[in-house]
Amino acid sequence: MRLVIPSLCCSLVLLGCSVATPSQPEFHPLLAHIEHRLDLASSVARHKWDHQLPVEAPERERQVITRVRQHADSYDINADRAAAFFNDQIEANKLIQYALLDRWTLRGQRPPTEALDLIDQLRPRLDKLQATLLFELGRFDRHPPADCARKLADALISHTNDPLRHLAMVRATGQLCPKR
Ligand SMILES: O=C(O)C(=O)C[C@]1(C(=O)O)C=C[C@@H](O)C=C1
């Protein structure tokens, strides 16, 4: 009983903390758009499973990064900053693809959901998110929050219960906060 009361108090305090700061508003909607891009990784992985394609598509990565560099200036972002941010989005996307392909290999099959075509459907969707992500990155960079890394970690941990999704979000935001 002596142990129960303090631990109950601790739980209530922790609960109080998480209710007081359910998420970090400074990171929204940027995190939501990062997540929208990651949402496409499972469909990309399905296409790659069905067509036995490698996760890595270096030529496509070069195209994405070249386009991002070309457009960065219109969003008031340094080209290297934009390229590094998108490189992180690509790496996070690959992390999910590798993990899912590994899961499906163990099971000997992928989930029986509808397959979308990589070239006609999925890459155009990824491209469409580019402008939104650049816009939100530019906005974020104009007012990065104080204590950015800690607030980001808080935002990410309260974002999802899925360990793979959490890891991918950590990877995607690896260079988001300014270095101290
Ligand atoms: O377009 C693909 O083939 C993808 O897998 C998507 C993506 C990306 O995130 O943009 C990820 C990995 C590839 O190396 C190239 C691009």
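The values are calculated or read from the model by the stated rules, or taken from the named source; none is laboratory data. Because the structure is predicted, anything quoted here is derived from the model rather than measured. We place every Cβ from the backbone using ideal geometry, glycine too, and count neighbours over all the protein chains shown.
A few points about this structure:
- Residue within the stretch 117-126 that is within 16 Å of the ligand (Cβ to nearest atom), at pLDDT 95 or above, outside any helix (DSSP H, G or I) and surrounded by fewer than 17 Cβ atoms within 10 Å (Cβ to Cβ) present: yes
- Residue check, THR105 free of Cβ contacts under 8 Å to residues at least 24 places away in the same chain and hydroxyl-bearing (Ser, Thr, Tyr): yes
- Among residues of the stretch 20-49, those that are loosely packed, with under 12 Cβ neighbours inside 10 Å and either touching a Phe, Trp or Tyr at 6+ places or on another chain (Cβ under 6 Å) or not in a loop (DSSP other than H, G, I, E, B) (or both), counted: 2
- From the options ARG150, ARG110, ARG103, ARG165, residue that is charged (D, E, K, R), over 16 Å from ALA41 (Cα atoms) and away from the ligand (no atom under 12 Å from the Cβ): ARG150
- Selection over the stretch 53-98 of residues that are more than 10 Å from the ligand (Cβ to nearest atom), in a loop (DSSP other than H, G, I, E, B) and not polar (S, T, N, Q) gives a count of 2.
- Check on LEU137, away from the ligand (no atom under 14 Å from the Cβ), under 27 Å from PHE27 (Cβ atoms) and part of a helix (DSSP H, G or I): yes
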